[in-house]
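Visitor: Got a structure for you, questions after.
The values are calculated or read from the model by the stated rules, or taken from the named source; none is laboratory data. In this text the structure is predicted, and so the values were computed from the model without any measurement. Positions of Cβ are backbone-derived with ideal geometry, glycine not excepted, and every protein chain shown enters the neighbour counts.
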Amino acid sequence: MENTIQYLKEIPYYGHFDVIVLGGGPAGVCAAIEAADNKKTVLLVETTGMLGGMATSGLVGPFMTCYDRDGNILVVGGIFRRIIDKLNQYNAVYKPEELDSPSIHTSFIERYHRHVTAFDSFALQIVLDEMTQDAGVEVMLYTRFVDCICENGKIQKVVLAALEGLVAVDADVYIDCTGNADVANAAGVNTYKGEERSSVPQPATLMFEVGGVQDEGFMTRSARPELPVKAYRTPLDGKYKVNHYRVFDVDATNSQSMTKAHIKARRQVLDAYKVLREKTQGFENAQIAQVAPVLGVRESRHITGKYKITVNDIINGTKFDDRIATYGYGMDVHPRNEKESGNFKIEVAQKYYIPYRSLIPEGIDNLIVAGKTISCESQAAGGLRCMPCAMAMGQAAGVASALAVENNCMPENISIDTLQTILKSKGAILD
Ligand SMILES: Cc1cc2nc3c(=O)[nH]c(=O)nc-3n(C[C@H](O)[C@H](O)[C@H](O)COP(=O)(O)OP(=O)(O)OC[C@H]3O[C@@H](n4cnc5c(N)ncnc54)[C@H](O)[C@@H]3O)c2cc1C
């Protein structure tokens with residue numbers, strides 16, 4: 001057993017909110033905005049200095065498709081569309097209906113990539129600041145969830161590491177959008193990491209952006225280098241997001257593991273940049289514009305919830321009565337070690353659904369989980385982890401939290417009919 005010490009301390013109490021959202025990524029921001037739009041007092045806690053999660057601090061993009069498997073029918077609307085419309089006001093987005101695959105916006109990938117949404121990540125930071133402010137969300141950046149106090153199957157208080165020190169806050173309902181299921185895990189919910197048998201997660205990638213690319217040199221698939229450095233054109237002239245090498249077996253819940261992985265990934269960025277400049281038409285004069293401050297983690301913990309979405313559900317398109325989101329992207333499971341190859345090994349249904357029960361953890365009553373850590377088989381998460389789906393889940397979690405507060409009940413006991421009616425009235429697509 002590791003050595004331990006006991007640490008007892010009085011810490012400031014920062015007050016009560018109807019809803020506290022931990023983690024300000026695609027799921028968390030949407031959850032917070034939605035709960036606040038439903039007239040609840042909301043605190044949104046984010047450990048970095050920006051909202052957007054992987055979409056901003058991870059420089060991940062484009063938003064993956066919001067259409068069905070074959071790219072013909074729109075399956076994600078709601079708050080995702082509101083974000084696109086706001087980005088459009090800054091001329092910082094190519095809307096999904098404007099883009100098709102294969103193209104420079106999909107790095108010439110064809111399968112499942114019709115109608116992606118190319119966006120500028122700094123504009124997204126601005127848009128998310130505006131949307132949270134307009135909704136009246138209280139945002140605490142640079143503040144990390146570290147622990148919670150639980151009694152009688154409920155979270156009573158959460159402990160946050162603010163810049164001024166540890167502080168406590170509480171709420172009627174908590175929403176865990178940390179991408180690591182940090183809150184669920186600290187509250188004692190059963191979680192598992194990565195692939196069920198091996199616990200190995202999907203690999204991590206440090207994303208970066210280059211500017212000064214001559215598009216006309218890169219317009220055809222044959223322009224891609226032998227080593228396919230995947231580069232995705234953003235809405236800004238000559239600017240591309242690069243998603244290339246991978247670091248395997250990274251435990252995103254362990255500082256040592258993340259430290260080693262990030263250092264390795266930084267070297268990989270240099271290697272990828274070299275391949276781009278030396279072997280890729282159009283990139284001869286490209287310059288690194290920015291490297292993501294945060295390592296891109298595709299998979300971490302999954303919670304054990306009231307329902308575990310299976311691979312078969314994704315293959316068959318199981319139409320759950322309590323569905324709160326629809327998606328159509330393929331099961332994008334990257335190799336888990338250097339010897340494996342290929343993703344998209346199993347074909348998905350034309351569209352598939354996310355049941356509300358998979359956001360409700362077993363064992364803690366006043367907690368909802370949204371985003372990539374919901375209750376599902378590791379492989380099933382391959383598609384639904386993408387940002388449009390995470391936003392749709394966040395929106396549903398936000399509405400559900402507001403309903404639980406209004407009805408003085410636990411999230412598990414809200415009316416699903418009412419939840420679905422509100423979601424549809426806000427543009428969510430559930431059929
Ligand atoms: C390399 C890579 C490429 C990808 N490519 C695409 C793509 O092209 N298109 C696409 O749509 N999706 C893509 N994805 C998937 C997508 O980015 C994520 O699955 C998605 O962002 C998940 O959203 P989330 O809100 O669940 O989690 P995250 O985006 O991970 O957000 C979690 C947030 O919580 C914060 N946080 C973490 N711990 C704490 C804590 N203890 N306290 C407070 N805050 C905390 C984090 O800082 C972060 O802001 C990619 C992912 C990676 C890693």
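Visitor: Return the pair list, or none, for Cβ contacts closer than 7 Å from residues in segment 247-260 that are of a type in the set (S, T, N, Q) to residues that are assigned to a loop (DSSP other than H, G, I, E, B) and at pLDDT 95 or above, at least 6 apart or on different chains.
Guide: Close Cβ pairs (under 7 Å, with a partner that is assigned to a loop (DSSP other than H, G, I, E, B) and at pLDDT 95 or above) amount to Thr253/Asn180; Thr253/Ser300; Ser257/Val250; Ser257/Asp251.
Visitor: A follow-up question, please. Out of curiosity, is Ala161 assigned to a strand (DSSP E or B) and near the ligand (Cβ under 9 Å from one of its atoms)?
Guide: Yes; evaluated as a whole, the condition is true for this residue.
Visitor: If you don't mind, another one. Quick check on this structure: which one of Ala404, Ala396 is away from the ligand (no atom under 16 Å from the Cβ) and among the small types (Gly, Ala, Ser)?
Guide: After ruling out the rest, the residue left standing is Ala404.
Visitor: Looking at segment 2-27, which of its residues are over 18 Å from Asp147 (Cα atoms) and within 13 Å of the ligand (Cβ to nearest atom)?
Guide: Gly25, Pro26, Ala27
Visitor: Shifting gears a bit: I'd like to verify a number: residues in segment 82-91 that are touching a helix residue (DSSP H, G or I) at 6+ places or on another chain (Cβ under 9 Å) and charged (D, E, K, R), how many?
Guide: 2
Visitor: Go through the residues of segment 57-71 one by one and say whether even a single one is outside any loop (DSSP other than H, G, I, E, B), within 11 Å of the ligand (Cβ to nearest atom) and closer than 27 Å to Thr326 by Cα.
Guide: Yes, the conditions are met somewhere in segment 57-71.
Visitor: Another question about this same structure. Restricting to segment 109-156, give me the number of residues that are free of Cβ contacts under 8 Å to residues at least 60 places away in the same chain and part of a strand (DSSP E or B).
Guide: 6
Visitor: Moving to a separate point now. Would you please name the residue that is farthest from Gly371 (Cα to Cα), looking only at residues in segment 289-304 that are touching a strand residue (DSSP E or B) at 6+ places or on another chain (Cβ under 9 Å) and assigned to a loop (DSSP other than H, G, I, E, B)?
Guide: Among residues in segment 289-304 that are touching a strand residue (DSSP E or B) at 6+ places or on another chain (Cβ under 9 Å) and assigned to a loop (DSSP other than H, G, I, E, B), the one farthest from Gly371 (Cα to Cα) is Ala292.
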